[in-house]
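Comments concern the structure below.
The values are calculated or read from the model by the stated rules, or taken from the named source; none is laboratory data. None of the values given here were measured: they were computed from a predicted structure. Positions of Cβ are backbone-derived with ideal geometry, glycine not excepted, and every protein chain shown enters the neighbour counts.
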Ligand code: ADP
């Protein structure tokens, strides 16, 4: 049956890189192969729950052979059929392959932490080619015929029938000359200790022993402690142990965690958990198809799955960790297990605990919390929309920049409310693309004059979240862009202006009829002649652009042009209009007025060249 097959183009590219470009941090190849072996053991052990006959003495064996210059990693796990082999490590490029290549392009191939990232992309097996000039894999799944896969990593691989007496997988690495270090027992022990200590199966290495009578015997030495770190007392766990376990969970040892959280739940549902808040967003946070979601689930120390989505709400998907339950049933399928109501109970407890810990962090370590919020805040905010039961708690965790904060500094809603002057009844916010765009908006003038602060909502997700924000501390949220607030004094002022300059409003409405729905006077502008506001429930221009960027149809909504009756420009406009109601220049000036209002709020101009022409013409007139 021997045959040669080509690797998919992307896999070829990836292998070229492994072979020719990655020289730093090569130790991780062993971590990846051991992790694969442990996964295979997890699967086989899980199967043996319903097929006790298949249970065996689960383990991973690492055998260096100094003469042959080979390193063999064997497991007696689930193994693969010929089809599995082709699918998993042969022809088909997984989504992670492309994502990995893209990341390399962005970071540059020589970046030292690239090997660290391999595991995150589901391409760990190929890391063997960092140290091996050729790789042979022999595997057997159940009673299916065993197969041998071999390759030098250059373009193609071979597939052949093989003999293998027991199920599982042996991977033989023919080490490159510069990788012979990996034949040394001490080196292998060191790597296993560093990366794989808590793997729940013994990782053993055969060692020759010579006894007093010079007889040679081979004994297996176990290299890892297999300690379930989540069952231990926090005071007895060292920093290094936490770090290495976090790296294992996050599939990434290049980053640190912010906080480790232990949980012990007793009563209605008994479980122990160890959760980590990360410091930085991993590369794949925004790549949903290769991102692991959920927590690892163990039942009575037995590994069940490493992606139990039911254990964590989506808006906490950056948390990683382990839950070990003592009262879920062991002998059912994963699918049935996932419908168990006990999982909801655990999720509620875990969610509550994480929210409490975040609150503590906010109160006791503001600096780190703010950094954390910059990384994950926009994900947490989703919870206000998605998790009604916890929305109030989540509102206490969100931070915003505001008109009165220096750039980069953020405040909580509580801090905003505490600083509100007596006369202020509502919470004001403005939405837009970025701080610079909203900070100079004329819509803020009124609030500045009043001494009210305005929250800057400049995250793309903010408008969506605001739809479910409603209230905080019994105060309503009001959008400054929409002008939906009341002020008696202002009303009178604008009424007066409306009467005085009715002709101006009328004229502008006519000149701009395809752009604005209404022209009216408002007392809230102090420095600018006019601004554009959104009518009632209509989408803000920022939101409209977002929807369009996502290829969604949105009708172009006309907005309201609000004029400042105190501005000298309006008075001048009014006199010109009174002198000659057919003055052709005035119609053009109306257009300029509208365009500069767009510019001021950070919206793009429909025809920037036309605007520039008008300004030049105006200047020429003035300078003549
Ligand atoms: P990942 O493990 O992240 O999926 P890998 O490239 O490391 O990516 O492995 C690809 C696939 O090959 C695995 O998902 C698994 O199905 C299979 N595989 C790798 N090593 C083994 C093994 N020792 N036993 C059984 N299957 C394996």
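Does the range 161-201 hold any residues that are touching a strand residue (DSSP E or B) at 6+ places or on another chain (Cβ under 8 Å) and under 17 Å from residue 132 (Cα atoms), and which are they?
170, 171, 172, 173, 174, 175, 176, 179, 182, 183, 184, 188
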Those residues that are away from the ligand (no atom under 11 Å from the Cβ) and either within 15 Å of residue 32 (Cα to Cα) or part of a helix (DSSP H, G or I) (or both), I need them from the range 125-134; list them, please. 129, 130, 131, 132
Any residue that is modelled with pLDDT of 95 or more, within 16 Å of the ligand (Cβ to nearest atom), assigned to a loop (DSSP other than H, G, I, E, B) and in contact with a strand residue (DSSP E or B) (Cβ under 7 Å, 6 or more places away or on another chain) - is there at least one of those in the range 142-154? yes
Got a number for residues in the range 41-59 being closer than 16 Å to residue 198 by Cα and either surrounded by fewer than 16 Cβ atoms within 10 Å (Cβ to Cβ) or near the ligand (Cβ under 9 Å from one of its atoms) (or both)? 1
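Please work out which residue is modelled with the highest pLDDT, limiting yourself to the range 109-124 and to residues that are assigned to a loop (DSSP other than H, G, I, E, B) and within 15 Å of the ligand (Cβ to nearest atom).
Result: 123.
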Selection over the range 499-519 where residues are surrounded by fewer than 16 Cβ atoms within 10 Å (Cβ to Cβ) and either more than 23 Å from residue 538 (Cα to Cα) or within 47 Å of the chain's Cα centre (by Cα) (or both) yields a count of 9
Residues being without any contact (Cβ under 8 Å) to a residue 40 or more places away in the chain and either crowded, with 17+ Cβ neighbours inside 10 Å or not in a loop (DSSP other than H, G, I, E, B) (or both) - total across the range 190-234: 14
Scan the range 440-473 residue by residue and report those that are more than 20 Å from residue 546 (Cα to Cα) and part of a helix (DSSP H, G or I). 442, 443, 444, 445, 446, 447, 448, 449, 450
If you check residue 34 against the conditions, is it at pLDDT below 90, within 14 Å of the ligand (Cβ to nearest atom) and either within 12 Å of residue 168 (Cβ to Cβ) or surrounded by 17 or more Cβ atoms within 10 Å (Cβ to Cβ) (or both)? no
Go through (1) within 16 Å of the ligand (Cβ to nearest atom); (2) modelled with pLDDT under 85 and name the single condition residue 194 misses. (1)
Selection count, the range 19-31, where residues are part of a helix (DSSP H, G or I), crowded, with 21+ Cβ neighbours inside 10 Å and away from the ligand (no atom under 11 Å from the Cβ): 2
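I'd like the full set of residues that are more than 16 Å from the ligand (Cβ to nearest atom) and either within 16 Å of residue 58 (Cα to Cα) or touching a helix residue (DSSP H, G or I) at 6+ places or on another chain (Cβ under 7 Å) (or both), limited to the range 155-170.
155, 165, listed by residue number.
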Residue under question is residue 582, and the condition is that it be in a loop (DSSP other than H, G, I, E, B) and at pLDDT 90 or above; does it hold? no
